[in-house]
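A.B. asks: I'd like to ask you about the structure that follows.
The values are calculated or read from the model by the stated rules, or taken from the named source; none is laboratory data. The structure presented is a predicted model; accordingly, all values stated were derived computationally and were not measured. Cβ placement follows ideal geometry from the backbone for every residue including glycine, while neighbour counts extend to all protein chains displayed. Ligands, DNA and RNA are excluded from the accessible area calculation, which covers all protein heavy atoms including side chains. Shrake-Rupley method; radii C 1.70, N 1.55, O 1.52, S 1.80 Å.
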Amino acid sequence: MAVFMVVLGVLLVLCICSALLRWNEVRYRKKGLPPGTMGWPVFGETTEFLKQGPSFMKNQRARYGSFFKSHILGCPTIVSMEPEVNRYILMNEAKGLVPGYPQSMLDILGKCNIAAVHGSTHKYMRGALLALISPALIREQLLPKIDEFMRTHLSNWDNQIINIQEKTKEMALLSSLKQIAGIESCSITQPFMTEFFKLVLGTLSLPIDLPGTNYRRGFQARKNIISMLSQLIEERRASQETHQDMLGCLMRSDENRHKLTDEEIIDQIITILYSGYETVSTTTMMAIKYLHDHPRVLQELRKEHLAIRDRKNPEDPIDWNDIKSLRFTRAVIFETSRLATIVNGVLRKTTQDMELNGFVIPKGWRIYVYTREINYDPFLYPEPFTFNPWRWLVGDCFTFALFACIIHGKVPNGLITYDCKKQDKSLESQNYFLIFGGGSRQCPGKELGIAEISTFLHYFVTRYRWEEIGGDKLMKFPRVEAPNGLHIRVSSY
């Protein structure tokens, strides 16, 4: 009898699960939608998406093509892997497409976050942000602070075992704090870092406000960060001193045509910290990893940086002309971003029913511009899983040949048929180059991030050699990270 009841219970559960899955599929079965599956009610296919990542996407693509429906991160979503469609989506925000980031991200980063607003508000907020990171300000104010910070941060690593993931995370956040609030940031550094790391984790979670969830911890961390920044703003107003940093610029409303409220200022600061933190820290960590694994690339990059040091005194800082001259370093940064896929894609939301790629997308649906597969398209990037910084250097058909000869020692099979017409201009200027986004939402901090990573690499490769300890596992999705750290043994160069 007991066995019969257990079997009956299992069958009942299976029937209920099957009915729920069926009901959810029927619920979203509208005429004109692309093919796909929707998973469970409320949760959709979020678990499969976060756990399986690229494998989930490849399986869905194999079943339904490069344009399919799903339900991830709490929203009915269209996933697009079509390069031309993705470019159209990113370039046409005014035609019924606005940012569509998950509710957890919007709640934790703030309603004034530049990723959350659109139209005239986005234009205004973007203008305020660009005023802080213009090439002139990078050259005259930000780069000297970055150089000073990197020199100190990278000191005394000789004969040490370093967790490079931890160090690059600290570098990205502390460097940004120095640029935003100058030396005053030191007083709030440790408590700020603790809360900020909680905030980052909360942005990529289901918006379930229950004790112990990443969402609850992230939202509480936001409140604590707001409290710290509000106190800093009040102290500055009380002192009436002039500060030559980002916060000082945002607070000088008489000189700034983009006048912001305190709430907007705080959300702008959180935006700068959040957007730069993960991309800069992870790209730097993975660049160290790839340089270790490719000695000839390291040799070329170190040669470029030693040439700069040879024409300077030991204490001379890196300047803007030096940064602009680092062509190979820039290529290494681009190739690292492409191969590691630091950013998997961006989200948009429809403001009205709209036709896209031959399908009708309902109002309020998300569209996930999934750029990861573009990074590995062999028609766009020959030998896509090979770390090849040389592919970014010149716009002629000899780039790939040069790389092949350097790495393989011979001309590989198929090189004779390589299409030179595809390389009549640099990869950075190609239409499918979406590593830094596209359209009106292309990453405004692109050049600042490149300057930070370049400066870190400059002092790292000219001061040290390193080898990996081994045994550290790397995860590539949903974030690129080493769960137990990435440990290296460092010695002087």
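A.B. asks: Could you give me the residue pairs with C-beta distances under 6 Å whose first residue belongs to the stretch 81-98 and is more than 12 Å from residue 367 (Cβ to Cβ), whose second residue is surrounded by fewer than 19 Cβ atoms within 10 Å (Cβ to Cβ) and of a type outside the set (A, V, I, L, M, F, W, C) wherever it lies, and which are 6+ apart or on separate chains?
C.D. replies: 83/432; 87/431; 91/439
A.B. asks: Moving on to the next point. Might you let me know whether the stretch 53-63 holds any residue that is surrounded by fewer than 21 Cβ atoms within 10 Å (Cβ to Cβ) and in contact with a Pro (Cβ under 9 Å, 6 or more places away or on another chain)?
C.D. replies: Yes: one or more hits.
A.B. asks: Let me ask something additional. Of all residues in the stretch 64-78, which are open to solvent by 20 Å² or more (accessible area, probe 1.4 Å) and polar (S, T, N, Q)?
C.D. replies: Of everything in the stretch 64-78, just one residue is open to solvent by 20 Å² or more (accessible area, probe 1.4 Å) and polar (S, T, N, Q), namely 66.
A.B. asks: Among the helices (runs of 4 or more DSSP H) lying completely within the stretch 5-119, list those that include at least 3 residues that are modelled with pLDDT of 85 or more and either touching a strand residue (DSSP E or B) at 6+ places or on another chain (Cβ under 8 Å) or farther than 30 Å from residue 263 by Cα (or both).
C.D. replies: Once the helices (runs of 4 or more DSSP H) in the stretch 5-119 are filtered for at least 3 residues that are modelled with pLDDT of 85 or more and either touching a strand residue (DSSP E or B) at 6+ places or on another chain (Cβ under 8 Å) or farther than 30 Å from residue 263 by Cα (or both), what remains is 54-64, 83-91.
A.B. asks: Hey, can you tell me all the residues within the stretch 452-478 that are open to solvent by 20 Å² or more (accessible area, probe 1.4 Å) and under 26 Å from residue 151 (Cβ atoms)?
C.D. replies: Listed by number, the residues that qualify are 462, 463, 465, 466, 467, 468, 469.
A.B. asks: While we're on this one: Looking only at the stretch 66-82, which residues are more than 15 Å from residue 34 (Cβ to Cβ) and under 19 Å from the mean Cα position of the chain (by Cα)?
C.D. replies: 73
A.B. asks: Given (1) surrounded by 14 or more Cβ atoms within 10 Å (Cβ to Cβ); (2) more than 30 Å from residue 35 (Cβ to Cβ); (3) modelled with pLDDT under 65, where does residue 439 come up short, assuming only one miss?
C.D. replies: Checking residue 439 against (1) surrounded by 14 or more Cβ atoms within 10 Å (Cβ to Cβ); (2) more than 30 Å from residue 35 (Cβ to Cβ); (3) modelled with pLDDT under 65, the one that fails is (2).
A.B. asks: Taking residue 82 as meeting all but one of (1) in contact with a helix residue (DSSP H, G or I) (Cβ under 7 Å, 6 or more places away or on another chain); (2) open to solvent by 10 Å² or more (accessible area, probe 1.4 Å), write down the number of the exception.
C.D. replies: It fails just one condition, (1).
A.B. asks: Out of all the residues in the stretch 33-48, which are buried (at least 18 other Cβ atoms within 10 Å of the Cβ) and of a type in the set (S, T, N, Q)?
C.D. replies: Across the stretch 33-48, the qualifying residues are 37, 46.
A.B. asks: Inside the stretch 41-83, can you point out the residues that are over 23 Å from residue 208 (Cα atoms) and of a type in the set (Phe, Trp, Tyr)?
C.D. replies: Scanning the stretch 41-83 gives 56, 64, 67, 68.
A.B. asks: Exactly one condition in (1) surrounded by fewer than 20 Cβ atoms within 10 Å (Cβ to Cβ); (2) touching a strand residue (DSSP E or B) at 6+ places or on another chain (Cβ under 6 Å) is not met by residue 164; state its number.
C.D. replies: Condition not satisfied by residue 164: (1).
A.B. asks: Being of a type outside the set (Phe, Trp, Tyr) and in contact with a Cys (Cβ under 8 Å, 6 or more places away or on another chain) is the requirement here; does residue 127 meet it?
C.D. replies: In short, no.
This table checks each residue for (1) free of Cβ contacts under 8 Å to residues at least 60 places away in the same chain; (2) open to solvent by less than 50 Å² (accessible area, probe 1.4 Å); (3) out of contact with any Leu (no Cβ under 6 Å at 6 or more places or on another chain).
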site	(1), (2), (3)
208	yes, no, yes
219	no, no, yes
232	yes, yes, yes
239	yes, no, yes
246	no, yes, no
264	no, yes, yes
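A.B. asks: List, please: which pairs have Cβ atoms under 9 Å, are six or more places apart or on different chains, and start with a residue in the stretch 479-492 that is without any contact (Cβ under 8 Å) to a residue 60 or more places away in the chain and surrounded by fewer than 14 Cβ atoms within 10 Å (Cβ to Cβ) and end with one that is outside any strand (DSSP E or B) and of a type in the set (Gly, Ala, Ser)?
C.D. replies: Pairs that qualify, where the first residue is without any contact (Cβ under 8 Å) to a residue 60 or more places away in the chain and surrounded by fewer than 14 Cβ atoms within 10 Å (Cβ to Cβ) and the partner is outside any strand (DSSP E or B) and of a type in the set (Gly, Ala, Ser), are 484/471.
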